[in-house]
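Q: Below is the structure I would like to discuss, written out as structure tokens.
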Amino acid sequence: MVYYHTNTLKMIQVNNLSFGYHRNRLLFKDLNLSLNEGHIYGLLGKNGAGKSTLLKNMTGLAFPGKGKCLFNSIDVSTRPVAVLEDIYFLAEELFVPSLSPVQFVSSTAGFYPKFSKSDFYQYLKVFDIDMDAVMDKQSFGQQKKTMIAFGLATNTSMVIMDEPTNGLDIPSKVQFRKLIASVLTENRCIVISTHQVRDLDSLIDTLLVLHEREIVVNQLMDDVAEKLTFGTYPDTEGLPVLYEEENMRGKNAILQNTTGKYSKVDLELLFNAVVNGNKPILELLKAS
């Protein structure tokens, strides 16, 4: 569910961000982005596009050469308590301690004032995690689910997850999507970065695509469906196709939506079109 506000708060504001690990090789140049409360954002991009680096800049774990990242108008690079206690960042790389989830909560939950133990134990139950098992003795998938449960139980205003579904089996991915959808509130913002496009299907309400050092798509999914039509056709000859890919049943195609009828957005097909530089689609998505 998307929460619409009369005066929507910009929870994250990225202003003229330039960043590179090497002085003459920038990952971003003058990048601007606003993330608002009440939304679940899906950040897509090819491997190496800089998704993880962008998230680290947004959480104060990397420092821009130029520009600023603000959380509720506070510069995150200064890493004040007001920021750290209200943002939860789940990195792609996990380093879990030799503690059980119960012990981990006792030592770590205090850093998050809105942490709920009852929520945490409920999420562990959903994921079928033994709360007394030592975390670093568990499989990577079990570790990932434990840390997802912990992150959601912090009840921070901002939750950022980098490749959270890596290591999860299919049933766990289903539970993950259900949990994410259930914890969104009008005062919370969730960002999920992944290169596994299908894992965000039917979960996100706003699509972000990072490509060639800039955000080339920043659109509500409802707006995407209003502008574009997705379908599978035995033959596309004579159709005003913007982008297509062959499959065993014919062709998956994207057309401009001229009828006003909504179709289900094919995220993978759209992503492929965007990163292949499809100008008509990019222009439609940039239009207000």
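Values in this text are rule-based calculations from the coordinates and carry no lab data. Predicted model, so just to flag it, every value in this text is computed and none were measured. Cβ placement follows ideal geometry from the backbone for every residue including glycine, while neighbour counts extend to all protein chains displayed.
Q: Test L228 against the stated conditions and say whether it is farther than 19 Å from Q175 by Cβ and in contact with a helix residue (DSSP H, G or I) (Cβ under 7 Å, 6 or more places away or on another chain).
A: When the stated conditions are applied, L228 passes them.
Q: Residues that are more than 16 Å from V191 (Cβ to Cβ): list the strands (runs of 3 or more DSSP E) wholly contained in segment 1-101 that include at least 2 such residues.
A: 10-19, 28-36, 66-71
Q: Continuing with this model, one more query. Do we have N257 as surrounded by 15 or more Cβ atoms within 10 Å (Cβ to Cβ) and either farther than 16 Å from M221 by Cα or in contact with a strand residue (DSSP E or B) (Cβ under 8 Å, 6 or more places away or on another chain) (or both) here?
A: When the stated conditions are applied, N257 passes them.
Q: Out of the residues in segment 109-127 that are touching a residue at least 12 places away in the same chain (Cβ under 8 Å) and of a type outside the set (A, V, I, L, M, F, W, C), which is surrounded by the most Cβ atoms within 10 Å (Cβ to Cβ)?
A: Going through the qualifying residues, I end up with Y123.
Conditions tested, residue by residue: (1) in a helix (DSSP H, G or I); (2) among the hydroxyl-bearing types (S, T, Y).
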residue: F104; (1), (2): yes, no
residue: T108; (1), (2): yes, yes
residue: I129; (1), (2): no, no
residue: L152; (1), (2): yes, no
residue: I204; (1), (2): no, no
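Q: State all residues of segment 220-253 that are closer than 25 Å to G42 by Cα and in contact with an Asp or Glu (Cβ under 7 Å, 6 or more places away or on another chain); if no residue qualifies, say none.
A: Selection gives L220, M221, F230, N252, A253.
Q: Here's something else I'd like to know. Being of a type outside the set (A, V, I, L, M, F, W, C), under 20 Å from the mean Cα position of the chain (by Cα) and either surrounded by 15 or more Cβ atoms within 10 Å (Cβ to Cβ) or assigned to a strand (DSSP E or B) (or both) is the filter here; which residues of segment 260-288 pass it?
A: Correct list: D266, E268, N272.
Q: Touching a residue at least 12 places away in the same chain (Cβ under 8 Å) and closer than 20 Å to I192 by Cβ: does that describe L99?
A: Details: touching a residue at least 12 places away in the same chain (Cβ under 8 Å): yes; closer than 20 Å to I192 by Cβ: no.
When the stated conditions are applied, L99 does not pass them.
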